[in-house]
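Just so it is clear, none of the values below were taken in a lab; they were calculated from the coordinates. Computed from a predicted model, the values in this text were never measured in an experiment. Glycine also receives a Cβ, built like all others from the backbone with ideal geometry; neighbour counts cover every protein chain displayed.
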Amino acid sequence: MAERPVRVRMAPSPTGPIHVGSARTALFNVLFARRQSGKFILRIDDTDLERSTAADEQFIYDGLDWLGLHWDEGPLRQSERLDLYREHATRLIKAGHAYRCYCTPAELAAEREAAQREKRPYKYSRRCLTPDAPSDRTDFVVRFKVPEGVKIEFDDLIRGPMSFDGDLIGDPVLIKTDGFPTYNFASPIDDALLEISHVIRGEEHLSNTPTQLMIVDALGYDRPEATAHIPLILAPDRTKLSKRRHPALITQFREWGYLPEAMVNYLALLGWNPGTEQEIFTMEELERLFDLARVQQSGAIFDREKLDWINATWIRSLPAAGLAERLRPFLPELTAEQLGRAVPALQERMRTLADGRELLAYLWTEPERPPLNEEEKERLAAAVAVLRTVDWDPEAIERSLETLRESHGWSRNQLFKPIRQAVTGGNSPPIHHTLALLPQTEALARMERAL
RNA sequence: GGCCCCGUCGUCUAGUGGACCAGGACGCAGCCCUCUCAAGGCUGAGAUCGCGGGUUCGAAUCCCGCCGGGGCUACCA
């Protein structure tokens, strides 16, 4: 058997914000392609002109770009290839594999309801293939004529050998009244023309596969070498992830302060694992280790907690300068210099970059005046005296506070607690960092106010 | 209704007939460290492997039935 070059594609439809599920599908495609030295192609399946929007298309590009999932070919828009699909439909009609259907949506709905009532599985009646066909109409769709008695068999890399009975499939619509192809028609044509070797997509398409393969067969094209239907990503309540109820737009995670490295890492682990106990992976490692054979068969719940942990782990592993750079959009009021000084205080305390904002909230929010007892006030006053003349950097502050503490025999807690309370009103990074990030005058003012 | 897919701790999962009275990770609890918060270290709770029958000396792993969840059944993808 001749080895075909590996070519995979991601074919999202721009009919809503791009979802974590789509992002993971893209990831698996990319990882598979890289591992096999193949090509990754981006195709925009915008054949539903009612629902497709330019904004949603842009979300796809932004999302893939943010995650670092770059495509080798494309993007290709199906809406710009309408002639191609019509030609294929004509070919099928001439060959007797397809026909025009003039039935109205209302008539079809009636057929369906009748079948429902009689508890009979519904299939299109093929009325337009009989002498009873309506003759006075102009609007039509093109339907594929499902051959009698066919069995459609194929191997799925994740599900194993699959077999479907063609007699259970009603003649699918190929071209809609508006002249646009349906997904089940355009997709297999493009997959064949683009010479896609492996169709890696979501599980919701498993049942569409036999229809698409029949069409490929009728057209005389080669079937893809294999399909791989990856399991769905589920919401915490076990229902399918819904765009409305679960805000899962992929670029939203960027705004929430997740690193693309962490996102990729987490998405890879949702439905796949290398069989070892490793949890943190770089993209390079994933490209080396990823294997469709180890992809899970059951759906997985999207777990924000685990994502947070992976993100925090990635944040801690970043070099200080790199982290400062990533933090910039989240703390626009800090100068680059201030950002650099904030990093040591923040790095091991953030789960997301947005947490950095909360941890530094005391910088621009004055705390309530804390209720301190006399002893605490005495220590605070001593600290003020010492800090008034110190060089305002973490090391010098730490040194002078330590000296003060030792000379009085105070514990760290005894001295630092009132300072922290006066300056932040709550928890904060180590006291010398907490102080140094604030202007000296402001820090002293807050402490004096608490006396 | 029909066809198809899936079913191991709360969650992600390891596991392909014996080393599994089921291992790891997140989360959770406790302890240690400690200037608070984190981080880190240690310990622990948590799964009769959806249920019921088989097969076998032996089953999470094989077979059958059932139940539960999901997908498709659209002139959405």
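Computed from point charges on the beta carbon alone (+1 for Lys and Arg, -1 for Asp and Glu), the dipole magnitude for chain A about its Cα centre is near 740 Debye. Sparse packing (at most 16 other Cβ atoms within 10 Å of the Cβ) combined with a DSSP loop state is found for the following GluC sites (Glu not before Pro) in region A:368-451: A:E368. Remark: region A:1-99 carries a charge dipole of roughly 540 debye about the Cα centre, counting +1 on each Lys and Arg Cβ and -1 on each Asp and Glu Cβ. Note on chain A: dipole from Cβ charges, positive end direction compared against A:L213, A:L292, A:P371; the farthest Cα belongs to A:L213.
Scanning chain A for cysteines with no neighbouring cysteine C-beta under 4.7 angstrom from their C-beta gives A:C103.
Phi angles of region A:359-367 translate, via the Karplus equation with coefficients 6.51, -1.76, 1.60 and θ = phi - 60°, into HN-Hα couplings of 5, 9, 4, 5, 4, 10, 10, 6, x Hz per residue; Gly and Pro are given as x.
Measuring between their Cα centroids, region A:37-83 and region A:382-422 lie 59 Å from each other. Computed over neighbours whose Cβ is under 10 Å from that of A:I419, the net charge equals +3, Lys and Arg +1, Asp and Glu -1.
Put a dot 7 Å past the Cα of A:R51, heading toward its Cβ, do the same for A:K123, and the two dots end up 2.7 nm apart.
FRET efficiency for the A:Y221 to A:W364 pair, using the beta carbon distance and R₀ = 56 Å, is estimated at 0.35. Taking label positions 7 Å along the Cα-Cβ direction at both A:S163 and A:H408, the computed distance is 8.5 nm, reported to one decimal. With one equal scatterer per alpha carbon and no solvent term, the Debye-computed log10 I(q)/I(0) for region A:78-154 at 0.12, 0.14, 0.26 1/Å reads -0.46, -0.62, -1.23. Would region A:62-111 count as rounded, prolate or oblate if I go by the C-alpha gyration tensor, calling it rounded below 1.5 in a/c and otherwise prolate when a/b exceeds b/c, oblate otherwise? Here region A:62-111 falls in the oblate category.
The angle between the Cα long axis of helix A:54-67 and the longest principal axis of the Cα atoms of chain A comes to about 60 degrees, rounded to the nearest 10. Ellipticity at 222 nm from helices only: DSSP H runs of n ≥ 4 in chain A, each -39500 (n - 2.57), divided by the residue count, give -13000 deg cm²/dmol. Net charge near A:S37, counting Lys/Arg +1 and Asp/Glu -1 over other residues with Cβ under 13 Å of its Cβ? Overall, the nearby charge balance is +3. Annotation: extensible slack from A:S37 through A:L193 equals 54.1 nm (criterion: 0.36 nm per residue apart, minus Cα-Cα distance). For region A:1-23, list residues with backbone N below 19 Å from a point placed 7 Å from the Cα of A:E80 toward its Cβ? Residues A:9-15 qualify, since their backbone N sits under 19 Å from the label point. Remark: relative contact order (chain A) = 13 percent; criterion is Cα-Cα distance under 8 angstrom and separation of 6 or more residues. Amide H contacts under 5 Å for A:F180: none, restricted to partners 5 or more places along the chain or on a different chain, H placed in the peptide plane at 1.01 Å from N.
For region A:8-90, the residue among A:A33, A:P75, A:G21 whose Cα projects farthest onto the positive side of the dipole built from Cβ charges is A:A33.
About its Cα centre, the dipole of region A:392-441 is roughly 220 debye, where the only charges are +1 on Lys and Arg Cβ and -1 on Asp and Glu Cβ. With a Förster radius of 51 Å applied to the beta-carbon distance between A:V150 and A:I301, the computed FRET efficiency rounds to 0.85.
Dividing the mean sequence gap of close Cα pairs (under 8 Å, 6+ apart) by how many residues region A:168-276 holds gives a relative contact order of 20 percent. Going by the alpha-carbon gyration tensor, a ≥ b ≥ c the square roots of its eigenvalues, is region A:258-308 rounded (a/c under 1.5) or, if a/c is not under 1.5, prolate (a/b greater than b/c) versus oblate? Cα axes put region A:258-308 in the oblate bin. Exposed loop sites, defined as trypsin sites (Lys or Arg not before Pro) outside DSSP H, G, I, E and B with at most 12 other Cβ atoms within 10 Å, are absent from the longest region of chain A, namely A:246-387. Angle of helix A:304-317 to the longest C-alpha principal axis of chain A, folded into 0 to 90 degrees and rounded to 10: 60°.
For helix A:20-35, report the angle its Cα long axis makes with the longest principal axis of the Cα atoms of chain A; keep it between 0 and 90° and round to the nearest 10°. Once rounded, the angle reads 80 degrees.
Pairs over the 22 Å Cα-Cα cut-off, from the set A:K145/A:K176; A:K94/A:K145; A:K39/A:K306: A:K39/A:K306.
A straight chain from A:S317 to A:E375 at 0.36 nm per residue would run longer than the Cα-Cα distance by 16.7 nm. Taking the square roots of five times each eigenvalue of the Cα gyration tensor of region A:377-451, the equivalent ellipsoid has semi-axes of 15, 14, 12 Å, listed largest first.
Can you work out the base-10 log of I(q)/I(0) for chain A at q = 0.05, 0.09, 0.10, 0.12 1/Å, using the Debye formula on its C-alpha atoms alone? Scattering profile of chain A, log10 relative to I(0): -0.31, -0.72, -0.82, -1.03.
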